[in-house]
Amino acid sequence: MKRFFLLPLVVCYMTAAAQDNGEPLYEKDVTLDEVTVKAARVVQQVDRMRIYPSKQQIESSSNGYSLLAKLTLPHIRVDEAMSSITALTNLGNVQVRINDVIASRDDLLALDMQGVDHIEFIDKPGVRYGDDVAYIINIKVKKPVGGYVIGSQLTNTLTAVNGSESVFAKLNHGRSEFALNYSLDYHHFKGAEYDARTTYRLENGDVMTMNRRSLSSHNKDFSHLAQLTYSLSDSSYVLQVKLKGNADIHPQRNDAIMELSGTPYDDRSSSRRSSPSFDIYYHHDFLRHQSVTANVVGTSIKTTGEEVNNEGSDYRYSTNGQTYSLWSEAIYENRLKPFTLSCGVQTSQRYSHNIYQGDVLAVNNMHTSDLYLFSQLKGNLSKLSYMGGLGVSRRYYRQTDTKQDFWLFRPKMTVIYPITDNVKLKYDFEISQHTSQIAIVSDVSIKMNAMETILGNPEIHPNRMTSHQLLLSYSTPRFTSELQGYYRINSHCNLEQYIRRDGHFYQTQVNADNECSFFYIESYNQWDIIPEKLTGTIYGGIYRFFNFLRSTGDNYTHTYTSFNGGCSLQAYLNRWTLGAYADNGWNFMEGEHRGHQAPAWYFTVTYRMNNAFTLSLFAQHPFSQHPLTNKTEVVSRYVQKEISQHQRDYGNMLTLKLSWRLNRGRKYRDIQRTMNHSDKETGILSK
């Protein structure tokens, strides 16, 4: 009788707490004298999808990549063996965060799985996340307040020279945490096959066809990374300092012997890079419902390199570059009733000094300054949940005599309405900006081959992007389904163009009255076929692309239609976990390029020997000797090109991973924050 009396009180308390926080209920297993309450494992909120991993998913995952691979998030490919996360769209980058702050690869490898509470997947980030960020994966973890954890991940490919070895340690004492990570990465891939058939249309009307292909090739690198973190935290504040450094032990090399019309020639590149950075993060809660967050990151990047291409004649040059950047952010949040107010500012300063010598003679100095102000309201009006924000960005750029000062107002609005308890309708509108890579805006030109040259264009400025999304979702404890339509317009965007001059062809980017837009209709479905034993996911959609170049007299219109989709299965059999994943890559068109990202298919087997050791075997691209790694088509009126690349070592690839982790005295509370916002842009233009 006692257990049935307590159950209504617990349910009432959970409901009141969720309503006070303005958040929907999520799945938690609450056990009281053999009584269990369950709700949906996936909850659609106004600005994110909140996912509560099952006990089986957490226990069978050895690190953050392993856990994210089992979730099969829409538009995201997680390669657990290679420790990589790829966006299968052209919407922008993926940011992985731990407790709202960007996480490095080593943070994910050392993630304490027993502290994971839930994962937030944001496919339309709010105004605070900056430029070119399409997806946010935010892993919420509890804060350890005692004990230590040490561990390692030893990943080695059995069929090729490829590996990643990492070790980590965390010690918690009172309010302090000390963490150390070290990783060593290497690969030496052989058997890459490159084939390009190109047609050039000359000024006199003649047509020239060239077929370039590789006779032999290999690429290799050998690098290491170390990071040291100290954290001081209490129930109301977190202060963390991180020092990180990564460097190439040997130069990264790409060497190939190519053939053009029966004549062999060399195509080689070599580069070496080192990049130290520091990261200081502070978060403080006060007056129970207010908080401030501040973050400062400084990065230095030193790069040296050499390029050689002997097609037609000897062509070689070297680069020596140095980049310094300072990024900062400050955010204030006030959790009022019935809404939450947040506002903040982001700033960045970057200076690049790159020297080109040899057949490319140039000294390139670039100064870039960014300022971004934003504010946002999030709350509920009866059944309607909403989020509205406004950002104002300013980008200043200077290179020799070229200066730019670009301002943009960036509104965003999201509303979600529950049609029934299981069905929700969501609409999202946003104006944001796209900024070209630093290397593209440099005033340096690099010869790709005897007929083509890449031209940097310092006159390129950022462009405005306007997007609309309508999403209908259905969710039960065992089944989640989404149907969405998306439309984006890139006004005055940067589009690729080939210019013909004196029998030579120049590839550059221009923007004026150009427009690049696309829309898609896609369905995503996940089903717990056998609860806690077998889960399946399938998604797919039709995409339509439009590119209109109106900048010069040589205008063009290009359109393209593609299908993009994938599926996966995960089976949990006590200590064994079996997985299968496949997608057809990402097929898109931008400017005068049709891109075909390579398809992927994987099989995984994981065996958890005990609480300390986990053994995993990954079969990548089975039943394929030379899988496609990239395919590109150029459809310019002057240059038509089909390029395909295959990699022998990626075929029938078998990779073995041994994970070891030892915990002692671990206790948890609240949320732990980590950080990583180091710069990666070198500003060096390469072919």
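The values are calculated or read from the model by the stated rules, or taken from the named source; none is laboratory data. It should be emphasised that the depicted structure is a prediction, and the values quoted were computed from it without experimental measurement. Ideal geometry is used to build each Cβ from the backbone, glycine not excepted, and the neighbour counts take in all protein chains shown. Ligands, DNA and RNA are stripped out before the accessible areas are found, and what is left, the full protein with its side chains, is counted by its heavy atoms. Shrake-Rupley method; radii C 1.70, N 1.55, O 1.52, S 1.80 Å.
Tell me which residues, restricted to the range 563-582, are in contact with a Lys or Arg (Cβ under 9 Å, 6 or more places away or on another chain) and surrounded by 20 or more Cβ atoms within 10 Å (Cβ to Cβ).
Listed by number, the residues that qualify are G566, S568, Q570, Y572, T577, G579, Y581.
Within the range 506-522, which residues are open to solvent by 40 Å² or more (accessible area, probe 1.4 Å), in contact with a strand residue (DSSP E or B) (Cβ under 8 Å, 6 or more places away or on another chain) and not aromatic (F, W, Y)? Can you show your working first?
Narrowing the range 506-522 to residues open to solvent by 40 Å² or more (accessible area, probe 1.4 Å): 506, 509, 512-513, 515, 519, 521.
From the residues that got through so far, the ones that are in contact with a strand residue (DSSP E or B) (Cβ under 8 Å, 6 or more places away or on another chain) too are 506, 509, 515, 519, 521.
Residues satisfying the conditions are Q509, E515, I521.
Have a look at S274, S291 and point out the one that is surrounded by 16 or more Cβ atoms within 10 Å (Cβ to Cβ) and among the small types (G, A, S). Before the answer, list the steps.
Working: S274 fails: surrounded by 16 or more Cβ atoms within 10 Å (Cβ to Cβ).
Residue meeting the stated conditions: S291.
Run I643 past the list (1) at pLDDT 90 or above; (2) farther than 27 Å from V308 by Cα; (3) open to solvent by less than 60 Å² (accessible area, probe 1.4 Å) and report the number of the one that doesn't hold.
(2)
I need a count of the residues in the range 571-582 that are part of a strand (DSSP E or B), over 13 Å from A69 (Cβ atoms) and of a type outside the set (G, A, S).
Residues in the range 571-582 being part of a strand (DSSP E or B), over 13 Å from A69 (Cβ atoms) and of a type outside the set (G, A, S): 3 in total.
Any residue that is free of Cβ contacts under 8 Å to residues at least 40 places away in the same chain, touching a Cys at 6+ places or on another chain (Cβ under 8 Å) and over 19 Å from Q469 (Cβ atoms) - is there at least one of those in the range 547-565?
Yes, the range 547-565 contains a residue that is free of Cβ contacts under 8 Å to residues at least 40 places away in the same chain, touching a Cys at 6+ places or on another chain (Cβ under 8 Å) and over 19 Å from Q469 (Cβ atoms).
For the range 325-339, which residues satisfy the criterion of being among the acidic types (D, E) and either assigned to a loop (DSSP other than H, G, I, E, B) or open to solvent by 30 Å² or more (accessible area, probe 1.4 Å) (or both)? Give the derivation first.
Step one: filter the range 325-339 for residues among the acidic types (D, E), giving 329, 333.
Hit for the range 325-339 is E333, nothing else.
Mind checking which strands (runs of 3 or more DSSP E) fall wholly inside the range 46-90 and carry at least 1 residues that are open to solvent by 20 Å² or more (accessible area, probe 1.4 Å), among the small types (G, A, S) and over 25 Å from L573 (Cβ atoms)? Even if it seems obvious, please write down each step before you answer.
Numbers: elements: 49-51, 76-79, 84-87.
In the range 46-90, 84-87 are the strands (runs of 3 or more DSSP E) which contain 1 or more residues that are open to solvent by 20 Å² or more (accessible area, probe 1.4 Å), among the small types (G, A, S) and over 25 Å from L573 (Cβ atoms).
Open to solvent by less than 70 Å² (accessible area, probe 1.4 Å), of a type in the set (A, V, I, L, M) and assigned to a strand (DSSP E or B): does that describe I542?
Values: open to solvent by less than 70 Å² (accessible area, probe 1.4 Å): no; of a type in the set (A, V, I, L, M): yes; assigned to a strand (DSSP E or B): yes.
For I542, the condition - open to solvent by less than 70 Å² (accessible area, probe 1.4 Å), of a type in the set (A, V, I, L, M) and assigned to a strand (DSSP E or B) - is not met.
Hey, any hits in the range 184-207 for a residue that's free of Cβ contacts under 8 Å to residues at least 12 places away in the same chain and outside any loop (DSSP other than H, G, I, E, B)?
Our first condition is that a residue be free of Cβ contacts under 8 Å to residues at least 12 places away in the same chain; within the range 184-207, this holds for 204-207.
With outside any loop (DSSP other than H, G, I, E, B) added as a condition, the list becomes 207.
Taking every residue of the range 184-207 in turn, at least one turns out to be free of Cβ contacts under 8 Å to residues at least 12 places away in the same chain and outside any loop (DSSP other than H, G, I, E, B).
Report, by residue number, each residue of the range 202-226 that is touching a Ser or Thr at 6+ places or on another chain (Cβ under 9 Å) and either under 17 Å from S176 (Cβ atoms) or among the basic types (K, R) (or both).
R212 - this is the single residue of the range 202-226 that is touching a Ser or Thr at 6+ places or on another chain (Cβ under 9 Å) and either under 17 Å from S176 (Cβ atoms) or among the basic types (K, R) (or both).
Identify, by number, the condition in (1) small (G, A, S); (2) farther than 20 Å from V444 by Cα; (3) assigned to a strand (DSSP E or B) that G305 doesn't meet.
That leaves (2) as the condition not met.
In the set Y148, Y135, which member is modelled with pLDDT of 80 or more and more than 26 Å from the chain's Cα centre (by Cα)? Before the answer, list the steps.
On the way: Y135 fails: more than 26 Å from the chain's Cα centre (by Cα).
The match here is Y148.
Could you list, in sequence order, all residues of the range 458-486 that are among the β-branched types (V, I, T) and surrounded by 17 or more Cβ atoms within 10 Å (Cβ to Cβ)? Write out each step before concluding.
Step one: of the range 458-486, the residues among the β-branched types (V, I, T) are 460, 466, 476, 480.
Within the range 458-486, I460, T480 qualify.
Restricting the first residue to the range 49-71 and requiring it to be farther than 17 Å from R661 by Cβ, which pairs with a second residue that is surrounded by 21 or more Cβ atoms within 10 Å (Cβ to Cβ) and acidic (D, E) meet a Cβ separation below 7 Å and a spacing of at least six or different chains?
Sorted first by the residue in the range 49-71, then by its partner, the pairs are A69/E80.
Test N449 against the stated conditions and say whether it is over 24 Å from C567 (Cβ atoms) and either among the hydrophobic types (A, V, I, L, M, F, W, C) or touching a Ser or Thr at 6+ places or on another chain (Cβ under 8 Å) (or both).
Numbers: over 24 Å from C567 (Cβ atoms): yes; either among the hydrophobic types (A, V, I, L, M, F, W, C) or touching a Ser or Thr at 6+ places or on another chain (Cβ under 8 Å) (or both): no.
So N449 fails the test.
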